[in-house]
Amino acid sequence: MRNARWRAASRAAIALTGAGALAAGMALVLTAPASAGTTLGASAAEKGRYFGTAVAAFKLSDSAYTTILNREFNMVTPENEMKIDATEPQQGQFSYGSAEQIVNHARSRGMNVRGHTLAWHSQQPGWMQNMSGSALRQAMLNHVTQVATHFRGQIYAWDVVNEAFADGSSGARRDSNLQRTGNDWIEAAFRAARAADPGAKLCYNDYNTDNWTHAKTQAVYTMVRDFKSRGVPIDCVGFQSHFNNDSPYVSNYRTTLSSFAALGVDVQITELDIQGASAATYRSVVEDCLAVARCNGITVWGIRDSDSWRSSQTPLLFTSSGAKKPAYDAVLAALNNGTTPPTTTPPTTTPPTTTPPTTPPNSSPPAGDGCYASVALNQWAGGFTANVTVTAGKSDINGWTVTIELPAGAAVTGTWNAQASGTTGSVRFTNVSYNGRILGRQSTTFGFQGTGTGPGVLANCVTS
């Protein structure tokens, strides 16, 4: 995740001791930056995988940095630029400039992008840190929806939820403000992400989940198994794999990857760095990934040692001056010696039977004054999310109320960007403070999640 500026160094398990396209699933475009066998990305692509790195937007002006980036990698992850404090510094006010800089750099060069991260207990802006309960739940779901919608169709995989389990032997969820909104918050975040960006893979991401025997690993495994059994839209699990003297690489790492893959999810190594950059350990990690057909690829957390959040531990594949290390040679050799996965792999989570349209149905605003509302529905067995677009007529409006008729047996369980009156039958949704004013012919959105069968595509809208 990981940047010394952003991550406290007190984690015992990773202590800094001295020692596209929108479709049923977004295709992984394996564009090789050079001839196969000569660079990390090209060699991984030859094996049906990717090899990526974390990227900081402010370093894209460093020619030495971008030379290595553009030559070696075919996947990028924004290091901090897509986190909550960066993308929504003030509630309801979104900022995407730095994230877009990275996305545009990557996509213009044929690289894919991992989105990191939509919901996390850390790096929350002050306004979110001070929230709790249903207000926080709605704010979190709105954040997931807005950010994923903004980058819809441009992201290969989202780290939807990050680091939600506690360290140690308890196997419990991490005590956080998000966890205190209710134990279903992770599921709610995944469902909102699927509705917002149905073409992207949806991942759970965590650290210290490498050892198959650890309670934390087993707890995440149990959650993923439960999600798959109930149709919660999870497609992949990310293993950060920050290996150091306190949290070393273990021989059962391949067992961990294959066990999760057997649940029907892809597995991805998302933030790899290894204290001292042991060539043998880097080789073993790559070989373990290549041995598991559903291990899509590997991302190292930075390019040169000077770019690392753990720079004093020299954990990456390039020296601070940009020279290739023996670990680089070991990784390249392992990639070139690896096997190509089967051409047909097990499917990821089945997409919802009804995916939200790219534009709301019948979305032309009224010819006169007033407002108009349309519903984009994401339905699954037993539940749904609905994203509602409210459009002003020819004149500005200063407030709105949308009434939606729910079918018998349906109930609203959560709302974002609006206040709901009632949970069943005829439910009224009213604007909140920051989205009541809509300029003529312009729109705003709100959403809600529920159980049962979702509503139809049209709704009644009146101005306040």
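The values are calculated or read from the model by the stated rules, or taken from the named source; none is laboratory data. These numbers come from a predicted model, not from an experiment. We place every Cβ from the backbone using ideal geometry, glycine too, and count neighbours over all the protein chains shown. Accessible surface areas use protein heavy atoms only, side chains included; no ligands, DNA or RNA. Shrake-Rupley method; radii C 1.70, N 1.55, O 1.52, S 1.80 Å.
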Using a cut-off of 14 Å between beta-carbons, work out the net charge of the residues near Arg107 (Lys and Arg +1, Asp and Glu -1, Arg107 not included).
+2
Order of exposure, largest accessible area first, which applies to Asp226, Asp307 with probe 1.4 Å
Asp226, Asp307
Shape category assigned to the stretch 57-195 from the gyration tensor of Cα positions, a/c cut at 1.5:
prolate
Rounded percent of accessible protein surface that carbon and sulfur make up, the stretch 40-337, 1.4 Å probe:
45
How big, in percent, is the set of alpha carbon pairs in the stretch 40-337 lying more than 30 Å apart?
27
Using the Cα atoms of the stretch 371-463, I'd like the radius of gyration and the largest Cα-Cα distance, Dmax, both in angstrom.
12.6, 40
Roughly how many Å is it from the Cα centre of the stretch 301-340 to that of the stretch 407-422, as a whole number?
50
Amide H of Val267 versus every other amide H placed in the peptide plane: which residues, excluding those fewer than 5 positions away on the same chain, fall under 5 Å?
Val237, Cys295, Asn296
Amide H partners (placed H, <5 Å) of Leu458, local residues excluded:
Val375
Please report, largest first and rounded to whole Å, the three semi-axes of the ellipsoid equivalent to the stretch 140-275, where each semi-axis is the square root of five times an eigenvalue of the C-alpha gyration tensor.
24, 17, 14
Could you tell me the accessible area of Glu100 in Å² (1.4 Å probe, neighbours in place), rounded to the nearest ten?
60
Counted charge near Leu439, where neighbours are those whose Cβ lies closer than 15 Å (Asp, Glu -1; Lys, Arg +1)
+1
What are the ³J(HN,Hα) values, in whole Hz, obtained from phi via the Karplus relation 6.51 cos²θ - 1.76 cosθ + 1.60 with θ = phi - 60°, for each residue of the stretch 198-209 in sequence order, with x given for Gly and Pro?
x, x, 8, 6, 10, 10, 9, 10, 7, 10, 6, 10
Can you tell me the accessible area per residue over the stretch 40-337, all protein chains present, probe 1.4 angstrom, in square angstrom?
29
Under a 1.4 angstrom probe, counting protein chains only, how are Trp400, Trp212 ranked by accessible area, largest first?
Trp212, Trp400
From phi via Karplus (6.51, -1.76, 1.60), per-residue ³J(HN,Hα) for the stretch 184-195 in Hz, x at Gly/Pro
8, 5, 5, 4, 4, 5, 5, 5, 5, 5, 4, 5
In sequence order, calculated HN-Hα J values of the stretch 219-232 (Karplus, 6.51, -1.76, 1.60; Hz; x Gly/Pro)
5, 5, 4, 4, 5, 5, 4, 5, 4, 5, 5, 9, x, 5
Please give the per residue accessible area of the stretch 374-439, computed with a probe of 1.4 Å over protein heavy atoms only, in Å².
38
Around Lys201, which amide H atoms from residues at least 5 apart in sequence, or from another chain, sit under 5 Å from its own amide H, with H modelled in the peptide plane?
Met26, Ala157, Trp158
